[in-house]
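**Q** Quick one: structure below, then a few questions.
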Amino acid sequence: MSRRVAILLSGSGSNMVALVESMVGDHPARPCVVLSNVRQAGGLEKAEARGIPTGVVDHRPFRGDREGFEALLQEALAVHAPDIICLAGFMRVLTESFVAPWQGRMINIHPSLLPRYRGLNTHARALEAGDSEAGCTVHEVTAALDDGPILGQARVPVLPGDSAQSLAARVLAKEHILYPAVLRRFAAGDRTPVMLG
Ligand code: GAR
């Protein structure tokens with residue numbers, strides 16, 4: 001039986017599209033819902049256009065009450081009974097009480113070669129450091145931010161004259177290859193890291 005995949009996003013959803021488009025044919029998983037904390041997130045329309053149920057759990061009314069937000073998110077997820085959660089540009093930090101029951105079943109893509117540059121502004125930080133390569137990482141989500149066992153990485157060169165934007169675009173193109181490759185393995189129960197480039 002296919003594994004059911006919930007995808008959480010906050011933005012344009014290009015990784016969500018790459019994941020959804022990969023889950024066809026003999027793939028061991030299928031998307032079951034796309035949820036966002038941002039009503040205007042471009043990814044929601046893209047999911048709807050692909051016939052995937054969507055939902056919004058707005059974090060803003062829960063200022064200072066992260067667990068209240070997460071309780072609602074958990075409820076919205078439960079309706080769709082996912083086996084796996086993919087964070088795909090989901091820009092909220094999740095607490096241990098949300099993460100714990102999903103540990104081993106929740107994965108995230110991060111736009112750096114972890115353990116370098118956890119958190120935000122990864123591309124600007126890689127440029128500032130004078131790095132000669134950059135990339136992206138898919139990892140299991142644990143309570144520690146952008147931590148957890150690494151399931152795959154893809155590398156790109158940093159080119160002369162790169163801006164944070166040009167580097168982000170080069171990395172994003174690799175994210176679209178890496179994340180589906182990792183999900184396919186992960187959904188089949190294989191945690192061997194996928195190393196690209
Ligand atoms: C991606 O670059 C993803 O790695 C990053 O947000 C972007 C979402 O783009 N995620 C994080 O920074 C998580 N900390 P998308 O909405 O087009 O997939």
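None of the figures in this text is laboratory data; all of them are computed from the coordinates on show. Quick caveat, the model's predicted, so the values are computed rather than measured. Please note: Cβ atoms are built from the backbone with ideal geometry, for glycine as well, and neighbour counts cover all protein chains shown.
**Q** What list of ³J(HN,Hα) values in whole Hz, one per residue of the range 91-107 in order, does the Karplus curve 6.51 cos²θ - 1.76 cosθ + 1.60 (θ = phi - 60°) give from phi, with Gly and Pro shown as x?
**A** 9, 10, 7, 9, 7, 4, 5, 6, 5, 3, x, 9, 4, x, 10, 10, 10
**Q** Here is a follow-up. Whose amide H sits under 5 Å from the amide H of Ala29, counting only residues 5 or more places off or on another chain, with H placed in the peptide plane?
**A** Placed amide hydrogens put Arg3 under 5 Å from Ala29.
**Q** While we're here: On alpha-carbon atoms, Rg over Rh for the range 83-197 using Kirkwood Rh?
**A** Rg divided by Rh gives 0.97.
**Q** Separate question: Going by amide H atoms built from the backbone, whose H comes under 5 Å of the H on Asn37, apart from near neighbours?
**A** Those qualifying (amide H under 5 Å, at least 5 residues apart or on another chain) are Leu9, Val57.
**Q** Expressed as a rounded percentage, what relative contact order does the chain have, with Cα pairs under 8 Å and six or more residues apart?
**A** After rounding, I find 20 percent.
**Q** How would Val156, Val5, Val93, Val141 line up from fewest to most surrounding beta-carbon atoms within 10 angstrom?
**A** Val93, Val156, Val141, Val5
**Q** With θ taken as phi - 60° and the coefficients 6.51, -1.76 and 1.60, list the Karplus ³J(HN,Hα) couplings across the range 162-172 in order, rounded to whole Hz; mark glycine and proline as x.
**A** Along the range 162-172, the couplings run 4, 9, 4, 5, 5, 5, 4, 5, 5, 5, 4 Hz.
**Q** Further question: Compute a Gaussian network model of the chain, connecting alpha carbons closer than 10 Å, and tell me which residue from Ala168, Ala49, Ala134 fluctuates the most.
**A** Ala49
**Q** Can I ask one more? Report for the chain the percent antiparallel among DSSP-assigned beta bridges with both residues inside it, nearest 5.
**A** 35
**Q** Any chance you could get the radius of gyration and Dmax over the Cα atoms of the range 76-146, in Å?
**A** So, for the range 76-146, Rg and Dmax equal 13.9, 46 Å respectively.
**Q** Counting only trypsin sites (Lys or Arg not before Pro) that sit in a DSSP loop (anything but H, G, I, E, B) with at most 10 other Cβ atoms within 10 Å, what is the longest stretch of the chain containing none of them?
**A** Result, exposed sites excluded: 64-197.
**Q** Turning to a different aspect of this structure: Taking H placed 1.01 Å from N in the peptide plane, check which residues at least 5 places from Leu151 or on another chain put their amide H under 5 Å from its amide H.
**A** Residues meeting the amide H criterion: Val138, His139, Glu140.
**Q** I'd like the FRET efficiency for Arg39 and Leu145, computed as 1/(1 + (r/R0)^6) with the beta carbon distance as r and R0 of 30 Å, rounded to 0.05.
**A** Efficiency, from the Cβ-Cβ distance: 0.75.
**Q** Beyond 22 Å, what percent of the Cα pairs of the chain remain?
**A** Result for the distance tail: 45 percent.
**Q** What number, rounded to the nearest 500 deg cm²/dmol, is the helix-based mean residue ellipticity at 222 nm of the chain, given -39500 (n - 2.57) per DSSP H run of at least four residues and division by all its residues?
**A** -10500 deg cm²/dmol
**Q** Counting Lys and Arg as +1 and Asp and Glu as -1, each charge on the Cβ, what is the dipole of the chain about the Cα centre in debye, to the nearest 20?
**A** 220
**Q** When the Cα centres of the range 132-162 and the range 79-126 are compared, how far apart do they sit, in Å?
**A** Each part reduced to its Cα centre gives a spacing of 12 Å.
**Q** Through the Karplus equation 6.51 cos²θ - 1.76 cosθ + 1.60, θ set to phi - 60°, convert the phi angles of the range 127-137 into ³J(HN,Hα) values in whole Hz; use x for Gly and Pro.
**A** Along the range 127-137, the couplings run 5, 4, 6, x, 4, 9, 9, 9, x, 9, 9 Hz.
**Q** Among Ser166, Leu183, Ala129, whose Cα sits farthest toward the positive end of the charge dipole of the range 78-197 (+1 at Cβ of Lys/Arg, -1 at Cβ of Asp/Glu, about the Cα centre)?
**A** Leu183
**Q** Debye calculation, C-alpha points only, no solvent: report log10 I(q)/I(0) for the range 12-74 at q = 0.14, 0.21, 0.23, 0.28 Å⁻¹, in the same order as the q values.
**A** -0.47, -0.84, -0.93, -1.13
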